[in-house]
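The next block holds one structure in the form of structure tokens; read it before the comments.
The values are calculated or read from the model by the stated rules, or taken from the named source; none is laboratory data. Since this is a predicted model, take the numbers as computed values, not measurements. Glycine also receives a Cβ, built like all others from the backbone with ideal geometry; neighbour counts cover every protein chain displayed. In case anyone asks, the SASA skips ligands and DNA or RNA and just uses the protein heavy atoms, side chains included. Shrake-Rupley method; radii C 1.70, N 1.55, O 1.52, S 1.80 Å.
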Amino acid sequence: MLILPAALLPLTVEFAPLFSKPVWEHAKVLLAGAILATGKRTVTACLRVMGLSHEQCFVNYHRVLNRAQWSLLAASHILLRLLITRFAPEGELVFGLDDTIERRRGEKIKAKGIYRDPVRSSHTHLVKASGLRWLCCMLLVNVAWAGSVWGLPCLTVLCPSERYHAERGRMHQKLPERARQIIRLLTRWLPDRQLIFVGDSSFAVLELLHAVSQIPNACVLTRLWMDAELWNPAPARQPRQNGRPRVKGARRPSPQQRLNDPDTPWTQMAVAHWYGGETREVELYTETCVWYKSGFHPVLLRWVLVRDPQGEYDPQAFLSTHVDHTPLQILTWFVRRWRMEVTFEEARAHLGMETQRQWSDLAIARTTPVLLGLFSLVTLMADRLSTRQILPVRLAAWYTKELPTFADAIALVRRCLWSSCHFSTSSQSSDVLKIPRALLERLTDAVCYAA
């Protein structure tokens, strides 16, 4: 039976009620193994690093993912509660919505499709990849000991391809529809908090914006199309006026027309924590209007047109379905979403995302969300350990940094696990291996930071 360190036990026991007792013992081994393993995050790799290479009943560990009865949605709810309790106990909550492609091949992977690879593609070069599409919702909060905003995954859902739904006679759910389901779910989980959802232009869809605008405690921030049809709000209906009620007023200039108009009144503003963490001077124009297109519901919004006086960034337009948000708030919250790309990259580099090899439908639906959720759980563990000791930062003569990153966070958690499992003495065993302190530190460092 695996005994986790006492410092990490309060976090892990929160998930114990989701499993039966035998399954929970196997799940703890996979959890510790996924943190300690380097390279691929297969079940066998987790067993090897835990010293279970000769385990004859290894199939029981595979069944945790492909057969055991436990709710991934309930686990996401618990994880979100832990994140909010520690990092955002009060105030508004900013969530990021973004999709990522897990490159997978194989005939047995039914939900895969052919998608544009956002990492390898550019404006002039299109690269397509075969794989699974995931929509991830992350809590974008400031982590005090890291000195920056981190994207902490709390809920990840699979978005199967259109061919997958067509073969099963189902109606295909596009990315905005999945996003609407996530937003409605989180508003039910957190009815007493103001929720702000930040996404890229994939979520600048009138159906999604109208649906969210009807939810009292939620709003969406995203990009606005430069050629969007903008209108004045509908005038008040006069007494005894005939005809259908109007949904819009007079036409207003689009963001592109405002950009081209030399008489547009620009306001200069400094935005802190711009891309790269610097403070950026920008020029902006803002107004409140209705975005409307024939066949859709009108959406009242505030939009902000931003241009860079230095010319390093292309002009962009952003919107919020909450008209009381200030331009500075909209820009500050939207800039946070770049941390989501950092999280995806860290999950691939340190948690082995895209290296798992499960092919059953249930295991596929569970493994990637678990690995992304492990990013948040490791952050919580490192935060708990940082209250007892200073979080170490890996330095070298050729590389210096002031603040810890996720590599340092997972290294601290690995040190705790290794020390608890392998470097502690037991009263039942008199064999104590003495090695020099310098060599021990070198071995520990090599294991914790191995690629």
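Looking only at residues in segment 4-18 that are touching a residue at least 40 places away in the same chain (Cβ under 8 Å) and open to solvent by 40 Å² or more (accessible area, probe 1.4 Å), the one that is farthest from Ala363 (Cα to Cα) is Pro10.
Restricting Leu331, Leu371, Leu319 to those that are outside any helix (DSSP H, G or I), touching a residue at least 40 places away in the same chain (Cβ under 8 Å) and not basic (Lys, Arg) reduces the list to Leu319.
Gln173 meets each of the listed conditions (1) of a type outside the set (Gly, Ala, Ser); (2) without any contact (Cβ under 8 Å) to a residue 24 or more places away in the chain; (3) touching an Asp or Glu at 6+ places or on another chain (Cβ under 8 Å) apart from (3).
None of Arg302, Arg357, Arg366 is outside any loop (DSSP other than H, G, I, E, B) and farther than 25 Å from Ala211 by Cβ except Arg366.
Counting only residues that are open to solvent by 10 Å² or more (accessible area, probe 1.4 Å) and in a helix (DSSP H, G or I), which one in segment 386-413 is nearest to Ala349 (Cα to Cα)? For segment 386-413, the residue satisfying everything is Ala407.
If you go through segment 19-39 and keep only what is open to solvent by 50 Å² or more (accessible area, probe 1.4 Å) and either aromatic (Phe, Trp, Tyr) or in contact with a helix residue (DSSP H, G or I) (Cβ under 7 Å, 6 or more places away or on another chain) (or both), you end up with nothing. Please indicate, with yes or no, whether at least one residue in segment 52-70 is open to solvent by 20 Å² or more (accessible area, probe 1.4 Å), under 30 Å from Gln194 (Cβ atoms) and touching a residue at least 40 places away in the same chain (Cβ under 8 Å). Looking for residues that are open to solvent by 20 Å² or more (accessible area, probe 1.4 Å), under 30 Å from Gln194 (Cβ atoms) and touching a residue at least 40 places away in the same chain (Cβ under 8 Å), one finds none in segment 52-70, hence no. Does segment 191-199 contain at least one residue that is part of a strand (DSSP E or B) and charged (D, E, K, R)? Within segment 191-199, none of the residues are part of a strand (DSSP E or B) and charged (D, E, K, R). With the structure loaded, tell me whether Gly106 is at pLDDT below 95 and under 16 Å from Thr379 (Cβ atoms) or whether it fails that test. Here the answer is no, as Gly106 does not meet what is asked.
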